[in-house]
Amino acid sequence: MIGVLIFPDFQLLDAAGPISAFEIAARFTGGVPAIRTLAIAPGPVRSSSGVEMLARSTRPAEAITTLIVAGGDGVRTAAVCAKTLSFVRGMARRGVRIASVCSGAYILAEAGLLDGKRATTHWQRTQHFLKAYPQVKLEPDQIYVRDGDVWTSAGITAGIDLSLAMIAEDHGEEIARQTARQLVLYHRRSGGQSQFSSLLELKAPTGRFAPLLAWARENLDAPLTVEDMAERAGMSARHFSRAFIAETGTTPSKAVEKLRIEAAKARVQSSSEAIERVAEVTGFRDPERMRRAFIRAFGQPPQSLRRASRAG
């Protein structure tokens, strides 16, 4: 039986996505969906959207073989709830397969289930998670990560990717493919969280600076100083900087670094190019400068990302 642990202000899709995936898979296997929503305080549980789910008590839970922990706005409170942590640890001691969706990884980390293990979570929480749980081997760009019987997934819809992988393990690849087709989803989503382009992280990527950013992306090996970009935009450097920050929410130099990191990461993971060469063609010039940028963004250097990509 699949147990989905929710709590006040959970993210609705974190729970509903996996529930739907396992429900559809059960149809294709000819079985009856065996899924139960659980909460420390049973009854109607309000999600962050205001929509409620009806949850059963976490006791007894002997029938649960897989526990999926949702994330959401309420995760900070849930992650310090003694009863929640005790329940999750108890499931782990029983040998139950345990997974988290999005920020549900905080609950697993607080319970000690991720110590020394590879894991992932939503890309927006990367920096905080790295500081809060240095003992966890965070892989920020993965859609989902499995380390033994502990699974973690990235933001929200990645819980469905994780569920499809579990379905493949339980019932085979064909059932997982059929489930994905029914959900109108890719069976195996390509790329990592960085497929959500750095340009999309800016507040106004389609505004008046869109052509400039597109040009910068195609010319990362150029200096791309504030003065260079201001000249291309037809503004003074001072006026350009102020206008750029107002429109995009970041400085020109930080925007360029995001674009360089994105391009460098793609080359590091998809080729055997020397790290020095990648640093050169993406405008970092100095491999050490690129290494520091990667650690800030992903918590690990380029070589580690390359090894993880090849292992995956």
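The values are calculated or read from the model by the stated rules, or taken from the named source; none is laboratory data. None of the values given here were measured: they were computed from a predicted structure. Every residue, glycine among them, receives a Cβ derived from its backbone with ideal geometry; neighbour counts consider all protein chains shown. Heavy atoms of the whole protein, side chains included, go into the accessibility calculation; ligands, DNA and RNA do not. Shrake-Rupley method; radii C 1.70, N 1.55, O 1.52, S 1.80 Å.
List of remarks:
- In the stretch 211-266, the portion of solvent-accessible area held by carbon and sulfur atoms comes to 53 percent [1.4 Å probe, whole percent, DNA, RNA and ligands not counted].
- Compared with the direct C-alpha span, the chain from R208 to R56 gains 49.5 nm at full extension, assuming 0.36 nm per residue.
- Value of [θ]222 nm, deg cm²/dmol, for the chain, DSSP H segments ≥ 4, -39500 (n - 2.57) each, nearest 500: -14500 deg cm²/dmol
- The angle between the Cα long axis of helix 12-29 and the longest principal axis of the Cα atoms of the chain comes to about 60 degrees, rounded to the nearest 10.
- Relative contact order of the chain, pairs being alpha-carbon contacts under 8 Å that are 6 or more residues apart, as %: 13
- Cβ-Cβ distance of E169 and R310, R₀ of 30 Å, FRET efficiency by 1/(1 + (r/R0)^6): the value works out to about 0.85.
- Look at the dipole of the chain built from charges on Cβ: of A255, T157, T58, the Cα furthest out on the positive end belongs to T58.
- Carbon + sulfur, % of accessible area of the stretch 23-87 - ligands and nucleic acids excluded, 1.4 Å: 55
- Per-q log10 I(q)/I(0), the stretch 206-312, q = 0.11, 0.15, 0.19 Å⁻¹ (Debye; single scatterer per alpha-carbon; no solvent): -0.37, -0.64, -0.92
- Rolling a 1.4 angstrom probe over the protein heavy atoms with all chains in place gives the stretch 1-144 an accessible area of 43 Å² per residue.
- The stretch 148-189 and the stretch 271-306: distance between their alpha carbon centers, rounded to Å: 31
- Using R0 = 51 Å, the C-beta based FRET efficiency linking I295 and T29 works out to 0.70.
- Distance between the pseudo-spin-label points of Q182 and S86 (7 Å out from Cα toward the beta carbon): 3.8 nm.
- The calculated Kirkwood hydrodynamic radius for the chain is 21.1 Å, given to one decimal from all distinct C-alpha pairs.
- Accessible surface, per residue, of the stretch 209-312 when the full set of protein chains is kept, probe 1.4 Å, Å²: 51
- Cα-centred dipole magnitude for the stretch 256-312, charges only on beta-carbon of K, R (+1) and D, E (-1), debye, nearest 20: 160
- Computed FRET value (nearest 0.05) for E218 with K254, which takes r as the C-beta separation and R₀ as 25 Å: 0.85
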